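The values are calculated or read from the model by the stated rules, or taken from the named source; none is laboratory data. Everything numeric here is computed off the predicted structure, so don't read it as measured data. All Cβ positions, even for glycine, are placed from backbone atoms using ideal geometry, and neighbour counts span all protein chains on display. The accessibility values were calculated without ligands, DNA or RNA, using every heavy atom of the protein model including side chains. Shrake-Rupley method; radii C 1.70, N 1.55, O 1.52, S 1.80 Å.
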Amino acid sequence: MQSELQATNREIMATVLARDLADGEWVEVGANLPVPRAGVLLAHLLWGPNMTVMIAMTKANVLNEPVIEEFQLITDQRATRWAEAYYLHDDLVENMKFRRKGVFFAGALQIDRYGNSNLIGIGADYRALKFRGPGAIGVCNATVMNSRFHLVVNAHDKRIFVPKCDFVSAYGWGSGGKDARTRLGLPGGGPRYVVTPLAVMDFEDESKRMRLKSVHPGVSVQQVLDNTGFELLVPAQVAVTETPSADELRVLRTRIDVQGALRN
Amino acid sequence: MTTSTENARPERSKRIVDIEHALAQVHDGMTVAIGGFINSSHPMLAVRGLIKRGVKNLTVVGAASSGLEIDLLIAAGCARRVVAPYVGGEVLAPIGPAFRTAVERGKVEVFELDEAMYYAGLRAAAQRVPFNPWRSGVGTSFPEINPAIKTFQDPINGETLLAIPALNIDIAFLHAAVSDPYGNVQYVGHGYGDRAIYAAADASFVQVEQVVSNEEIRKDPLRTAIPGADGIIRARFGAHPYSSPGYYTEDQAHIRDYVKAATAWAKADDFGPLGAYLDRFVTGPADHVDYLERVGLRRLLALDEY
């Protein structure tokens with residue numbers, strides 16, 4: 001049995017994402033992405049009353065909803081009960097100014113040491129892929145136009161954390177350096193955190209190389225290094241990831257994740 | 001019948017057409033768009049009809065996020081090229097099994113792009129210009145793996161941008177809630193990216209759950225999303241097994257049966273289950289009503305939104 005007060009790894013991941021979000025920011029809540037969804041809603045309910053959350057292509061503010069029902073599919077029409085406005089999908093994807101206040105969450109098949117990532121496929125030859133991925137969806141653009149983004153993955157292993165991505169569908173810090181993005185004319189926000197079931201990584205200020213920020217409770221630094229396919233920067237002191245407070249955990253379990261997607 | 005030209009009054013043409021009339025416009029090698037979004041609002045009379053007619057070598061423009069309707073067209077061998085930033089069914093199938101297999105085996109070519117590039121291409125087509133510029137994607141693999149996307153220096157400020165070529169569509173098939181007989185189409189909800197597909201297409205056929213009066217449309221003309229479809233197709237339950245907002249949810253059991261069949265082909269190279277699915281639900285049914293009878297009234301009426 002799971003203790004009432006002990007957070008699961010996925011609840012810890014959600015809390016890490018929540019603590020990065022500030023009031024007034026604009027965030028997409030995808031479907032079937034339970035960790036980012038919970039993180040966004042946690043920030044919204046506890047310290048982000050003016051956040052805009054986009055649920056199933058609607059603009060919503062669910063501050064006063066006692067329980068926020070979770071939908072399995074992004075096309076679930078029931079999510080429109082909270083709509084203040086509908087986003088036509090082309091408007092959502094093509095109108096870019098509002099994304100200056102936006103924060104995005106991206107998954108990946110592969111991630112390299114500079115936070116470049118790949119959703120296209122695995123294989124040296126694009127015409128003969130060993131594994132065809134889902135495609136870039138909206139990730140290429142959203143990782144450029146939002147103020148920053150976080151890479152969030154469900155596993156931490158050497159298949160994901162690779163020395164070089166076979167293809168780059170979302171640009172991180174290129175081949176390094178803090179002007180890697182602005183040099184190409186891209187807004188400078190870029191990837192901020194990489195959140196996995198083992199740890200949180202960020203990017204060193206000058207080189208923009210991936211750096212271990214914290215390990216989740218019960219995880220060793222060595223365990224993270226052993227499961228990363230490139231050399232991570234490791235500071236002299238590696239913190240343990242902060243766990244949710246009792247209040248945060250209560251809100252997560254009673255208002256956001258009643259069905260327990262983060263606890264299973 | 002009019003007997004005297006003096007008394008003849010011009011009559012507005014109705015645009016309600018039979019699905020077979022619409023499908024007869026499609027020829028091998030054309031560029032055909034299929035609207036909707038992942039598990040919702042796909043024009044399935046059109047998708048099944050294209051397969052049944054044995055149309056080949058299509059360039060299929062899916063939705064910005066396509067669902068397994070594109071996977072089905074690939075499984076049935078209709079598509080040579082797919083223009084879609086995603087093909088899958090979310091939790092029901094994270095990657096379309098036939099899409100994945102056909103691409104890995106080199107049977108289908110992907111016009112690789114993300115959702116923003118996709119809309120930039122549709123907008124270029126709608127504007128009748130050769131391309132639209134776009135910023136995101138500079139520095140990525142897109143211009144390498146999709147040579148149709150070019151990197152260029154913009155002539156105004158000299159910035160490096162991508163030129164996304166116009167995605168011209170010969171015929172678009174969409175599915176919506178209602179239309180009047182004159183092609184004024186309204187959705188329940190936002191209609192996903194269907195307007196952008198319509199604007200990029202030379203001709204659009206829209207399936208609707210119900211044809212309503214022109215007066216009904218004029219009660220709320222701001223809701224008219226597509227003001228002039230070329231053809232309207234009566235299609236009650238026409239998005240099944242996908243959802244139709246305001247009418248029914250997706251039929252998850254049916255979709256999972258398809259995924260199971262397509263996965264057998266993908267994983268074990270066994271086309272048997274997929275062939276059986278196609279026989280039963282695509283090539284077998286005489287018409288849409290026959291299809292719905294095969295699915296079963298009890299199943300259809302259980303697809304409640306609330």
Original post:
Of all the residues that make up the range B:76-91, how many are open to solvent by 10 Å² or more (accessible area, probe 1.4 Å), within 12 Å of chain A (Cβ to nearest Cβ) and not in a loop (DSSP other than H, G, I, E, B)?
Top reply: 2
**OP:** Kindly indicate the residue of the range A:63-98 that is in contact with a His (Cβ under 7 Å, 6 or more places away or on another chain) and among the hydrophobic types (A, V, I, L, M, F, W, C) and also surrounded by the most Cβ atoms within 10 Å (Cβ to Cβ) among those meeting that condition.
**Re:** A:88
**OP:** Check every one of the strands (runs of 3 or more DSSP E) wholly within the range B:191-306 and list those with 3 or more residues that are out of contact with any Cys (no Cβ under 8 Å at 6 or more places or on another chain), open to solvent by less than 30 Å² (accessible area, probe 1.4 Å) and touching a residue at least 12 places away in the same chain (Cβ under 8 Å).
**Re:** B:201-211, B:231-234
Original post:
When you go through B:104, B:144 one by one, which is the residue that is assigned by TED's automatic domain parsing to the domain that holds residue B:75, open to solvent by 40 Å² or more (accessible area, probe 1.4 Å) and of a type in the set (Asp, Glu)?
Top reply: B:104
Original post:
Out of all the residues in the range B:65-112, which are small (Gly, Ala, Ser) and within 19 Å of residue B:200 (Cβ to Cβ)?
Top reply: B:65, B:66, B:79, B:84
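Of these, A:53, A:35, A:40, which one is within 19 Å of the chain's Cα centre (by Cα), in a strand (DSSP E or B) and more than 10 Å from chain B (Cβ to nearest Cβ)? Before you say what the answer is, go through the steps one by one.
Details: A:35 fails: in a strand (DSSP E or B); A:40 fails: in a strand (DSSP E or B).
The unique qualifying residue is A:53.
Is it true that some residue in the range B:57-75 is assigned by TED's automatic domain parsing to the domain that holds residue B:239, charged (D, E, K, R) and open to solvent by 10 Å² or more (accessible area, probe 1.4 Å)?
No, that holds for no residue.
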Subject >> Given (1) open to solvent by 40 Å² or more (accessible area, probe 1.4 Å); (2) within 20 Å of the chain's Cα centre (by Cα), index of the condition residue A:234 fails >> reply: (2)
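Just a yes or no: is a residue in the range A:94-110 over 24 Å from residue A:60 (Cα atoms) and either in a strand (DSSP E or B) or free of Cβ contacts under 8 Å to residues at least 24 places away in the same chain (or both)?
Of all residues in the range A:94-110, those over 24 Å from residue A:60 (Cα atoms) come to A:108-110.
Cutting the leftovers down to either in a strand (DSSP E or B) or free of Cβ contacts under 8 Å to residues at least 24 places away in the same chain (or both) gives us A:110.
Checking the range A:94-110: at least one residue is over 24 Å from residue A:60 (Cα atoms) and either in a strand (DSSP E or B) or free of Cβ contacts under 8 Å to residues at least 24 places away in the same chain (or both).
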